[in-house]
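Undergrad: The structure under discussion is supplied below as structure tokens; questions concerning it will follow.
The values are calculated or read from the model by the stated rules, or taken from the named source; none is laboratory data. This is a predicted model, so every value here is computed, not measured. Every residue, glycine as well, gets a Cβ built from its backbone with ideal geometry; the counts of neighbours run over all protein chains shown. The area values use the complete protein model at the heavy-atom level, side chains included, leaving out ligands, DNA and RNA. Shrake-Rupley method; radii C 1.70, N 1.55, O 1.52, S 1.80 Å.
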Amino acid sequence: MLATIHSVALTGIEVCIVKVEVDVAGGLPGWEIVGLPGGTVRESKDRVRAAMRNSGLEFPRSKVTVNLSPADMRKEDPWYDLPIAVGLLAASAQIPVQACQGHIFMGELSLDGSVRSVRGVLPAVAAAMAGGEYRRFMVPQGNAGEAALVKGAEVLPANNLGQVVRILCGDEECPLHWVDTEGIFSSAAIVREDFAEVRGHFAAKRALTVAAAGGHNLLMLGPPGSGKTMLARRLPGILPDLTLDEALETTMLHSLAGLLEQDTFLLTSRPFRSPHHTASTISLTGGGRVPRPGEISLAHNGVLFLDEAPEFRRDALESLRQPLEDGVITVSRISASVTYPARVQLVVSLNPCPCGNIGDPEKECICTPSQIQRYAGRISGPLLDRIDIQIEVPRVRFSDLEGESQEEDSVTIRARIQNARVRQQERFAETGIHCNAQMRPRDVRRWCRLTPTARVLLREAFQRLKLSARAHDRVLKVARSVADLDSSDVIEQNHVAEAVQYRMLEQKRW
């Protein structure tokens with residue numbers, strides 16, 4: 001008897017419907033899985049056999065052939081265990097074939113028959129729903145929350161293979177799983193790391209405010225212990241709240257990487273990723289035999305923080321140039337080529353020299369000039385050109401630490417930033433642009449209107465600092481963000497002056 005069960009195959013965030021065709025025929029007992037199965041899928045034979053036996057079900061003692069169609073697409077995911085087992089049961093008349101129609105099945109089987117969670121369920125359900133042909137999904141209980149985030153999806157959670165059989169045979173009622181997506185999303189996120197804890201650093205706080213207002217990349221240079229990491233970790237707390245679409249998009253990428261937990265199936269706060277300096281190029285950009293999202297994609301709609309950036313490999317740093325410019329990254333391998341979103345706010349910190357004491361009035365630098373030059377040269381000019389705001393973070397004075405003054409908290413700062421972002425949303429309505437940092441050259445010419453005095457100042461800065469055309473546009477973008485914080489429709493001289501000073505570090509150090 002032949003039974004056809006439907007599942008999905010993931011290539012990045014793109015989904016293809018897979019037909020799991022199971023044929024149980026006469027002849028010597030045997031089992032073959034065809035249709036370009038990967039190693040994980042080939043091993044499913046032993047898992048499915050043991051799961052059926054330990055669930056009190058009969059494994060067919062006949063020749064079994066399983067075909068995964070389309071046959072020219074490699075199948076690597078363990079979630080084919082459940083559709084293969086359901087196909088075997090339907091082909092051997094242990095469950096009605098009609099009950100399986102119109103369903104998408106996903107799930108990995110344990111040897112005792114329990115259905116284990118798998119990665120990538122949210123993008124799989126979202127893409128299958130977008131096709132319009134399937135609306136009913138049987139997924140592991142641990143993935144039911146993320147699957148139910150997709151509007152209109154009918155989600156059946158499964159705990160074990162025996163329960164699946166009872167549901168399909170009509171012996172057990174399985175209520176559809178649903179979640180209050182808007183309720184979860186609207187719940188206020190707690191700011192765990194607050195700017196009120198940061199003493200001093202008024203210039204650095206202002207720079208982070210401007211960066212958050214326009215979504216600009218940021219570089220902080222300062223001696224060890226000056227507070228660069230502390231400041232960077234508080235940046236997500238002043239960024240505008242995620243929209244529902246952004247939250248779903250970010251959650252999909254974390255689902256693909258297998259980073260979602262059962263009780264936190266929807267990410268409601270902006271991600272903050274801080275990879276170690278030993279991270280490889282592939283771990284940053286994504287890849288592997290089956291290309292998966294890297295750190296820059298996992299930080300999508302959030303912050304990617306590179307602490308001690310010169311300690312990263314040169315090729316790893318250079319690999320960030322294209323996604324910082326385009327907002328997407330394409331990972332090409334022999335087996336597949338996938339494109340992941342990578343719209344991040346890059347924050348880079350580094351010491352002024354290997355020992356970190358050059359220019360410090362209290363500590364002596366022990367580095368040679370060649371060591372200092374080599375250290376600074378690890379951050380290339382093209383990468384620096386893509387960082388809009390560059391600031392120095394000096395050591396905190398003792399008077400700042402012992403003072404009793406009340407520092408401004410993250411909630412207050414975020415309110416000003418939110419007002420600036422509202423202006424940008426109105427300005428860029430229906431353009432696909434979310435913030436000033438994403439403006440294209442034609443948008444810069446249209447929206448960055450300068451007063452005559454501001455234009456004179458920009459011309460002088462361009463000539464004296466020998467700025468590139470890209471740096472010229474980035475200065476205008478930062479000036480536009482400063483003007484938005486002041487609720488100004490035009491860019492004035494003081495706005496340009498502040499934006500230009502954020503490029504001075506490049507001239508001093510590099």
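Undergrad: Please tell me if Arg378 is of a type in the set (Lys, Arg) and in contact with a helix residue (DSSP H, G or I) (Cβ under 8 Å, 6 or more places away or on another chain).
TA: Yes.
Undergrad: Considering only segment 384-430, state which residues are more than 20 Å from Asp473 (Cα to Cα) and hydrophobic (A, V, I, L, M, F, W, C).
TA: Those that are more than 20 Å from Asp473 (Cα to Cα) and hydrophobic (A, V, I, L, M, F, W, C): Val393, Val396, Phe398, Leu401, Val411, Ile413, Ala415, Ile417, Val422, Ala429.
Undergrad: Now for a separate question. For residues that are under 25 Å from Leu383 (Cα atoms), assigned to a helix (DSSP H, G or I) and open to solvent by less than 40 Å² (accessible area, probe 1.4 Å), tally how many sit in segment 445-468. Give the steps one after another, and end with the answer.
TA: Residues of segment 445-468 under 25 Å from Leu383 (Cα atoms): 445, 448, 458-468.
So of that shortlist, the ones also assigned to a helix (DSSP H, G or I) come out as 445, 458-464.
Now drop any that are not open to solvent by less than 40 Å² (accessible area, probe 1.4 Å), which leaves 458, 461.
Matching residues across segment 445-468 total 2.
Undergrad: Inspect all residues belonging to segment 77-84 and state whether any of them is β-branched (Val, Ile, Thr) and over 12 Å from Leu161 (Cα atoms).
TA: So far as segment 77-84 goes, no, none of its residues is β-branched (Val, Ile, Thr) and over 12 Å from Leu161 (Cα atoms).
Undergrad: Let me ask something else. Would you call Ala130 among the aliphatic types (A, V, I, L, M), under 16 Å from Cys16 (Cβ atoms), in contact (Cβ under 8 Å) with a residue 60 or more places away in the chain and open to solvent by 10 Å² or more (accessible area, probe 1.4 Å)? Spell out how you get there, then give the answer.
TA: Details: among the aliphatic types (A, V, I, L, M): yes; under 16 Å from Cys16 (Cβ atoms): yes; in contact (Cβ under 8 Å) with a residue 60 or more places away in the chain: no; open to solvent by 10 Å² or more (accessible area, probe 1.4 Å): yes.
Against the criterion (among the aliphatic types (A, V, I, L, M), under 16 Å from Cys16 (Cβ atoms), in contact (Cβ under 8 Å) with a residue 60 or more places away in the chain and open to solvent by 10 Å² or more (accessible area, probe 1.4 Å)), Ala130 does not qualify.
Undergrad: Also, I was wondering about something else. Would you confirm whether any residue within segment 312-328 is open to solvent by 10 Å² or more (accessible area, probe 1.4 Å), touching a Pro at 6+ places or on another chain (Cβ under 6 Å) and aliphatic (A, V, I, L, M)?
TA: yes
Undergrad: In this structure, is Arg343 closer than 30 Å to Ala9 by Cα and open to solvent by less than 70 Å² (accessible area, probe 1.4 Å)?
TA: The answer is yes for Arg343.
Undergrad: Report, by residue number, each residue of segment 6-35 that is in contact with a Leu (Cβ under 9 Å, 6 or more places away or on another chain), part of a strand (DSSP E or B), surrounded by 14 or more Cβ atoms within 10 Å (Cβ to Cβ) and aliphatic (A, V, I, L, M).
TA: Ala9, Leu10, Val18, Val20, Val22, Val24, Ile33
Undergrad: Here's something else I'd like to know. Kindly indicate which of Leu476, Leu505 is in contact with a strand residue (DSSP E or B) (Cβ under 7 Å, 6 or more places away or on another chain) and in a helix (DSSP H, G or I).
TA: Leu505
Undergrad: From the list Ala148, Ala207, Ala212, Ala232, which residue is under 30 Å from Glu108 (Cβ atoms) and open to solvent by less than 20 Å² (accessible area, probe 1.4 Å)?
TA: One residue alone meets the criteria, Ala148.
Undergrad: Looking only at residues in segment 88-124 that are within 35 Å of the chain's Cα centre (by Cα) and part of a helix (DSSP H, G or I), which one is surrounded by the fewest Cβ atoms within 10 Å (Cβ to Cβ)? Let's see the steps before the verdict.
TA: Of the residues in segment 88-124, the ones within 35 Å of the chain's Cα centre (by Cα) are 100-124.
Going one step further and asking which of them are part of a helix (DSSP H, G or I), we end up with 100, 121-124.
Details: Cys100: 20, Val121: 31, Leu122: 28, Pro123: 24, Ala124: 30.
Among residues in segment 88-124 that are within 35 Å of the chain's Cα centre (by Cα) and part of a helix (DSSP H, G or I), the one surrounded by the fewest Cβ atoms within 10 Å (Cβ to Cβ) is Cys100.
Undergrad: Which of the residues spanning segment 304-316 are under 21 Å from Pro224 (Cβ atoms) and under 18 Å from the mean Cα position of the chain (by Cα)?
TA: The answer is Phe305, Leu306.
Undergrad: Checking the condition more than 31 Å from the chain's Cα centre (by Cα), surrounded by fewer than 16 Cβ atoms within 10 Å (Cβ to Cβ) and among the charged types (D, E, K, R), which residue from Arg47, Arg61 passes?
TA: Matching residue, one of Arg47, Arg61: Arg61.
Undergrad: Name the single residue that is most open to solvent (accessible area, probe 1.4 Å) among those in segment 469-498 being of a type in the set (Gly, Ala, Ser) and in contact (Cβ under 8 Å) with a residue 60 or more places away in the chain. First the steps, then the outcome.
TA: Initial filter on segment 469-498 (of a type in the set (Gly, Ala, Ser)): 469, 471, 479, 481, 483, 487-488, 497.
Restricting the remaining residues to those that are in contact (Cβ under 8 Å) with a residue 60 or more places away in the chain gives 471, 481, 487.
Numbers: Ala471: 2, Ser481: 0, Ser487: 80 Å².
By that ranking, first place goes to Ser487.
Undergrad: Right, Ala127: in contact with a strand residue (DSSP E or B) (Cβ under 6 Å, 6 or more places away or on another chain) and not basic (Lys, Arg) or not?
TA: Yes: the conditions hold for Ala127.
Undergrad: Hey, does segment 177-197 have a residue that's modelled with pLDDT of 90 or more and surrounded by fewer than 23 Cβ atoms within 10 Å (Cβ to Cβ)?
TA: yes
Undergrad: Within segment 396-426, work out how many residues are modelled with pLDDT of 85 or more, out of contact with any helix residue (DSSP H, G or I) (no Cβ under 6 Å at 6 or more places or on another chain) and not in a helix (DSSP H, G or I).
TA: Here the count works out to 1.
Undergrad: Right, another one. Do we have Leu267 as assigned to a loop (DSSP other than H, G, I, E, B), out of contact with any Asp or Glu (no Cβ under 8 Å at 6 or more places or on another chain) and surrounded by 22 or more Cβ atoms within 10 Å (Cβ to Cβ) here?
TA: yes
Undergrad: Among the residues of segment 270-300 satisfying the criterion of being touching a Gly at 6+ places or on another chain (Cβ under 8 Å), charged (D, E, K, R) and open to solvent by 50 Å² or more (accessible area, probe 1.4 Å), which is farthest from Leu244 (Cα to Cα)?
TA: Looking at residues that are touching a Gly at 6+ places or on another chain (Cβ under 8 Å), charged (D, E, K, R) and open to solvent by 50 Å² or more (accessible area, probe 1.4 Å), I get Arg292.
Undergrad: Asp81 passes all but one of (1) under 31 Å from the mean Cα position of the chain (by Cα); (2) under 15 Å from Arg49 (Cα atoms); (3) surrounded by fewer than 17 Cβ atoms within 10 Å (Cβ to Cβ); which number fails?
TA: Only one criterion is unmet by Asp81, namely (3).
Undergrad: Something else now. Which is small (Gly, Ala, Ser) and within 14 Å of Arg386 (Cα to Cα), of Ser468, Ser488?
TA: Only one candidate passes the filter, namely Ser468.
Undergrad: Take the residues in segment 412-444 that are touching a residue at least 24 places away in the same chain (Cβ under 8 Å) and farther than 24 Å from Ala471 by Cα; name whichever of them is surrounded by the most Cβ atoms within 10 Å (Cβ to Cβ).
TA: In this case the residue turns out to be Ile413.
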